[in-house]
Amino acid sequence: MSQQTNIAAQTAFAEAVVTGNLDALDEIVAPNSIDHDPAPGQAPGPEGFKAMFGELRAAFPDLHVEVEHLVATDDELAFAYTITGTQLGPLMGQPATGKNVSYRGMQISRFDSDGKLVERWGSSDELGMLHQLGLAEV
């Protein structure tokens, strides 16, 4: 696949997450995709991503992801991002705080010859996010 195809697939993934159209992930993520850094209890494939991002969007209905740096090859894409939002719903069993968060992360995605996500490695500053919400000590 080309760099542009991979960028388009990753852009469509981000759009699905930000808009809440998580069913679009069925067309973007391979059924047997592997997330090397899954959320607790995250299932493989599109269903796992839909559940994880569904919970995040329920907690942060104004969720926004800003890509700050992007590097692409013919089958992989790496990017740094900042996530912002207001916690208006429960998160990890904790009630809404009404507080705003801004935290950073990085991700590497690998795509197959059909332009579908087959592997993901990533890390977000979840402890920093929880600290901003008053739900964790740093």
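The values are calculated or read from the model by the stated rules, or taken from the named source; none is laboratory data. Values in this document were obtained by computation on a predicted structure and should not be read as measured data. Note: ideal-geometry Cβ built from the backbone for every residue, glycine included; neighbour counts use all protein chains shown. Keep in mind that these areas ignore ligands, DNA and RNA; they rest on the heavy atoms of the full protein, side chains included. Shrake-Rupley method; radii C 1.70, N 1.55, O 1.52, S 1.80 Å.
Are any residues in the stretch 90-104 surrounded by 15 or more Cβ atoms within 10 Å (Cβ to Cβ) and within 19 Å of Gly48 (Cα to Cα), and if so, which ones? Hit for the stretch 90-104 is Leu91, nothing else.
Condition check for Gly48 on (1) in contact with a Phe, Trp or Tyr (Cβ under 9 Å, 6 or more places away or on another chain); (2) surrounded by 17 or more Cβ atoms within 10 Å (Cβ to Cβ): one failure, at (1). Among all positions in the stretch 92-113, there is at least one residue which is basic (Lys, Arg), more than 20 Å from Thr5 (Cβ to Cβ) and at pLDDT 95 or above.
Looking only at residues in the stretch 73-89 that are surrounded by 18 or more Cβ atoms within 10 Å (Cβ to Cβ) and either of a type in the set (Ser, Thr, Tyr) or out of contact with any helix residue (DSSP H, G or I) (no Cβ under 6 Å at 6 or more places or on another chain) (or both), which one is modelled with the lowest pLDDT?
Going through the qualifying residues, I end up with Asp75.
Which residues, taken from the stretch 95-120, are under 16 Å from Ala9 (Cβ atoms) and not basic (Lys, Arg)?
Just the residues of the stretch 95-120 that are under 16 Å from Ala9 (Cβ atoms), to begin with: 107-120.
Once the filter is applied, which keeps residues that are under 16 Å from Ala9 (Cβ atoms) and not basic (Lys, Arg), the stretch 95-120 yields Gln107, Ile108, Ser109, Phe111, Asp112, Ser113, Asp114, Gly115, Leu117, Val118, Glu119.
Any residue that is exposed (fewer than 15 other Cβ atoms within 10 Å of the Cβ), in contact (Cβ under 8 Å) with a residue 60 or more places away in the chain and closer than 27 Å to His69 by Cβ - is there at least one of those in the stretch 116-132? Yes, there is a match, as at least one residue in the stretch 116-132 is exposed (fewer than 15 other Cβ atoms within 10 Å of the Cβ), in contact (Cβ under 8 Å) with a residue 60 or more places away in the chain and closer than 27 Å to His69 by Cβ. Scanning the stretch 106-115 for residues that are open to solvent by less than 70 Å² (accessible area, probe 1.4 Å) and either free of Cβ contacts under 8 Å to residues at least 60 places away in the same chain or within 16 Å of Val65 (Cβ to Cβ) (or both) gives Gln107, Ser109.
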